[in-house]
1. If I histogram all Cα-Cα distances within the stretch 186-230 using bins 5 Å wide from 0, what percent of pairs lands in each bin?
2. Placing +1 on the Cβ of each Lys and Arg and -1 on the Cβ of each Asp and Glu in the chain, which of Val15, Gly142, Ile117 has its Cα farthest towards the positive end of the resulting dipole?
3. How would you classify the stretch 148-230 from its alpha-carbon gyration tensor, with a ≥ b ≥ c the square roots of the eigenvalues: rounded for a/c under 1.5, else prolate if a/b is greater than b/c, otherwise oblate?
4. Through the Karplus equation 6.51 cos²θ - 1.76 cosθ + 1.60, θ set to phi - 60°, convert the phi angles of the stretch 182-192 into ³J(HN,Hα) values in whole Hz; use x for Gly and Pro.
5. If the only charges are +1 at each Lys and Arg Cβ and -1 at each Asp and Glu Cβ, what is the size of the charge dipole of the stretch 77-174 around the Cα centre, to the nearest 20 debye?
6. Please give every one of the lysines within straight-line cross-link reach of Lys54, meaning a C-alpha to C-alpha distance under 27 Å, and leave out same-chain neighbours fewer than 8 residues apart.
7. Give me the compactness ratio for the stretch 100-157, meaning the Cα radius of gyration over 2.2 N^0.38 Å.
8. Leaving out ligands, DNA and RNA, what percent of the accessible area of the stretch 1-105 is carbon and sulfur, probe 1.4 Å?
Amino acid sequence: MASAGGSPIREAPLVISPQEAHHATIIFIHGLGQRGASWKPILQGVIDRLPGVKWVFPQAPEVPVAYNGGQCRPSWFDIADLPPCNCYDEAGITASVAAIEEIITSELRGGLDSNRIIMAGFSQGGALSLMTSLTTLHELAGVASLSGWIPQQSRQVMLQLEPNLPVFWAHGKADTEVPISYGEDSISFLRDSLNITADKIVFRTYEGLEHTVNNEELEDFAAWLSHVLA
């Protein structure tokens, strides 16, 4: 859906308020074709373990997606193929990174330090969370990618900025949409090119898991969040 001026309409994010004194915020970004709100029940067990955390679930606009023959779907940027190819929707990525940066800025204006903000996401949302957190000028608490990837064309800016933050990466070994090789390549980039030290990177893989999440992965995710936000 687009506005009269042709720009996609962006919905307000779903916000889950903390049950205790607010000490951190997690911005969780959904994948291609999904609703941000659909992740609330999936992550409910993780949410319950972090009562002082505010959760923000942004919603991508509905835009034409080449992978779906030009049909409009919720998407942070255009994708032509899965597994992801070298095509790069610079305009879409720039707009989506800016939208997430606005959420970060809103949290900062509310009095939260940037080192109490974690970016996280699934698939395309994982890619966006990585592109945002590894290029932002704010020092975030960490970034988590569930079945995501780091687009090749986004890496040059990361090399110039030299980010250094905790990373949680979870990937199913049976994933055919974003294969495990994309995760392994991205982890190598983080370690060897960005020089993020091994003690800051948690890389978990899951036997038989396709392009989705399971309880073991969510347990690992919750444990990492608790550790980083301790």
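1. Percent of Cα pairs in each bin: 5, 17, 23, 19, 22, 13, 1.
2. It is Val15.
3. Details: a/c = 2.46, a/b = 1.25, b/c = 1.97.
It is oblate, given that a/c is not under 1.5 and a/b is not larger than b/c.
4. Computed from phi, the couplings for the stretch 182-192 are 5, x, 5, 5, 5, 4, 4, 4, 4, 6, 8 Hz.
5. On the way: 4 positive and 10 negative charges, 62 e Å.
Computed charge dipole of the stretch 77-174: roughly 300 debye.
6. Leaving aside lysines fewer than 8 places away in the same chain, those within reach of Lys54 are Lys40, Lys200.
7. 1.11
8. On the way: 2690 of 5000 Å².
Summing carbon and sulfur atoms, their accessible area is 54 percent of the total for the stretch 1-105.
The values are calculated or read from the model by the stated rules, or taken from the named source; none is laboratory data. Only a predicted model underlies this, so the values are computations on that prediction, with no experimental measurement involved. Glycine also receives a Cβ, built like all others from the backbone with ideal geometry; neighbour counts cover every protein chain displayed. Ligands, DNA and RNA are stripped out before the accessible areas are found, and what is left, the full protein with its side chains, is counted by its heavy atoms. Shrake-Rupley method; radii C 1.70, N 1.55, O 1.52, S 1.80 Å.
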